[in-house]
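Take a look at the structure set out below.
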Amino acid sequence: MKTYETQHTHTVVIGGGQAGLSVGYHLAKRGIPFVILDAHPRVGDAWRNRWDSLRLFTPSRYAGLPGFPFPGRGDAFLTKDEVADYLESYAQRFHLPVKNGVKVDSLSKEGQRFVTTAGDLRFESANVVVAMANYQVPRVPDFARELDPAVVQLHSHDYRNPSQLRDGGVLVVGVGNSGADIGLEVAQSHPTWMSGKESGHIPFRIETFLASNFLVRLVRFVGHHVLTVSTPIGKVRPKLLSKAAPLVRVKPQDLIDAGIERVPRVVGVQSGRPLLANDRTLDVNNVIWCTGYHPGFAWIKMPIFGEDARPVHERGIVPGMPGMYFVGLHFLYAMSSASLIGVSRDAERVVKALASRLASYENEAKRFIRAVQAA
């Protein structure tokens, strides 16, 4: 039987990105003991490890977490490294107890306590907040393994820059924001094909003065206050959960202007090369899969998932499992929930519910003590 070093705390927060740090901020404000567990060596590494040219879609004035705005110009579109460094500074500024390099293996419940294991560590807690997006395990089609071994295959999760690619053609599979950004970049140095169809696009250039100072406020308002589970239009949530977001920075015409050839979806492999829905085979040396992620919550050993394998929750509060919470999921409450713009509101609500549960336990304990004393 494995021996663990057991630690006890009131609340365990799993994930040290923007969701976990936001939860930590609100827990610290209320004086609730907690620890944040993060698998990465440094706070912010989830951002540092994305492709080199990645930048935010919103000006920095809208991207700060509670209590600490982004420093510098509010109209700047930050790089992924600037976001990573900001998150690291945020954790330091508020002295948040982040344990880096701690990858959670399992989460279960024993009696009234949640048990989180990570390597040789075991954490027992009254509450647990899973502060992670449901973009954890890169998803590629099963037939990808049938491609010629000489074809370089990368998921967008592992793509950094074009130096990873072989000379010759590149097929980018998926036309979400990741696929569009990466496709434009690789098209500068490689013949590029793009498979799939975008789910619409924002009809203006986000980096113009008008857009970055005015129109982005409208988009932010819609994503933060209109597309929510509390409004009639929020009924589109199931559809939005299953499809890519509209293109934000890149427009379809940009892809054409860059010389990218748009092709039908990839349906399989023929003679070691990608086979398209129109029976055409592409002779490419590289394939970049921008095909999304699986949720990656198999390590949660509790019956809290629906038939679609997604966690069942009410704005982050898991019914039937007191003390269990989620923050950072896509469309947890609003379209903005998984973003820097929206994560703090969800974190504040979840921590308020957690604190209310704590107060209820404390009041019950006081009533029990008074009853004992009266007897």
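The values are calculated or read from the model by the stated rules, or taken from the named source; none is laboratory data. Keep in mind that what you see is a predicted model, and the values were worked out from it rather than measured. With ideal geometry, Cβ positions are generated from the backbone for all residues, glycine too; neighbour counts draw on all protein chains shown. Side chains are part of the model used for accessible areas, which takes the heavy atoms of the whole protein and leaves out ligands, DNA and RNA. Shrake-Rupley method; radii C 1.70, N 1.55, O 1.52, S 1.80 Å.
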Q: Keeping the other protein chains in place, figure out the carbon and sulfur percent of the accessible area of the chain, with a 1.4 Å probe.
A: 54
Q | Test item: Cα-centred dipole of the range 201-295, Lys/Arg +1 and Asp/Glu -1 on Cβ, debye | A | 480
Q: Please work out the Cα convex hull volume for the range 162-210 and give it in Å³ per residue.
A: 89
Q. What base-10 log of the normalised intensity I(q)/I(0) is obtained for the range 77-118 from the Debye formula, alpha carbons as equal point scatterers, at q = 0.20, 0.24 Å⁻¹?
A. -0.77, -0.85
Q) In square nanometres, what is one fourth of the surface area of the convex hull spanned by the alpha carbons of the range 101-166? A) 7.4
**Q.** Heavy-atom accessible area order for Tyr293, Tyr325, Tyr135, largest first, 1.4 Å probe
**A.** Tyr135, Tyr293, Tyr325
Q) How big is the range 1-77 by Rg and Dmax over its Cα atoms, in Å? A) 16.1, 56
Q. Given the range 136-269 reduced to its alpha-carbon atoms as identical point scatterers, what log10 I(q)/I(0) does the Debye formula return at q = 0.21 Å⁻¹?
A. -1.32
(Q) So if each residue of separation counts as 0.36 nm, and I subtract the Cα-Cα distance between Arg145 and Tyr4, what length gain in nm does that give? (A) 46.9 nm
(Q) P(r) for the range 275-314, please, calculated from all Cα pair distances in 5 Å bins and given in %. (A) 5, 15, 16, 14, 9, 8, 10, 12, 8, 1
Q: May I ask you to list the lysines whose Cα is less than 22 Å away from that of Lys235, ignoring any residue fewer than eight positions away on the same chain?
A: Lys243
(Q) Given the options Pro203, Gly292, Gly24, identify the residue whose Cα lies farthest towards the positive end of the charge dipole of the chain (+1 on Cβ of Lys, Arg; -1 on Cβ of Asp, Glu). (A) Gly24
Q: For the range 1-140, take the alpha-carbon Rg, divide it by the Kirkwood Rh, and send me Rg/Rh.
A: 1.01
Q: Name the aspartates and glutamates eligible as straight-distance cross-link partners of Lys99: C-alpha to C-alpha under 12 Å, and not fewer than 8 places from it in the same chain.
A: Asp38
Q. Rg to Rh for the range 235-359: what is it, with Cα atoms only and Rh by Kirkwood?
A. 1.11
Q: Using only the Cα atoms of the range 57-126, construct the convex hull and provide its projected area averaged over every direction, in square nanometres to one decimal.
A: 6.6
Q. So which of Lys29/Lys103; Lys29/Lys251; Lys80/Lys251 end up more than 32 Å apart by C-alpha?
A. Lys29/Lys251
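Mean Kyte-Doolittle hydropathy of -0.5 or higher plus an axial Cα length of 15 Å or more: which whole DSSP H helices in the chain meet both?
18-29, 343-374
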Q: Taking the Cα centre of the chain as origin, work out the dipole magnitude from +1 charges on Lys and Arg Cβ and -1 charges on Asp and Glu Cβ, in debye rounded to 20.
A: 1340
Q | Solvent-accessible surface (1.4 angstrom probe) belonging to Arg160, in square angstrom, nearest 10 | A | 60
**Q.** Arg349 accessible area, assembled protein chains, probe 1.4 Å, Å²
**A.** 90
Q.
I'd like the accessible area for Phe214: 1.4 Å probe, protein heavy atoms, all chains in place, Å² to the nearest 10.
A. 110
Q. How do Val137, Val130 stack up against each other in accessible area, from largest to smallest, with a 1.4 angstrom probe?
A. Val137, Val130
Q: Could you provide, to the nearest whole Å², the per residue accessible area of the range 123-201 with probe 1.4 Å?
A: 42
Q.
I want the antiparallel fraction of DSSP beta bridges within the chain, as a percent rounded to 5.
A. 40
Q: In Å³ and rounded to a whole number, note down the convex hull volume per residue for the Cα atoms of the range 68-188.
A: 201
Q) Dividing the alpha-carbon radius of gyration of the chain by 2.2 N^0.38 Å (N being the number of residues), what value is obtained? A) 1.09
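Counting only heavy atoms of protein chains, what accessible area per residue, in Å², does the range 241-360 have with a probe of 1.4 Å? The partial results should precede the final answer.
Numbers: 5110 Å² over 120 residues.
It amounts to 43 Å² per residue over the range 241-360.
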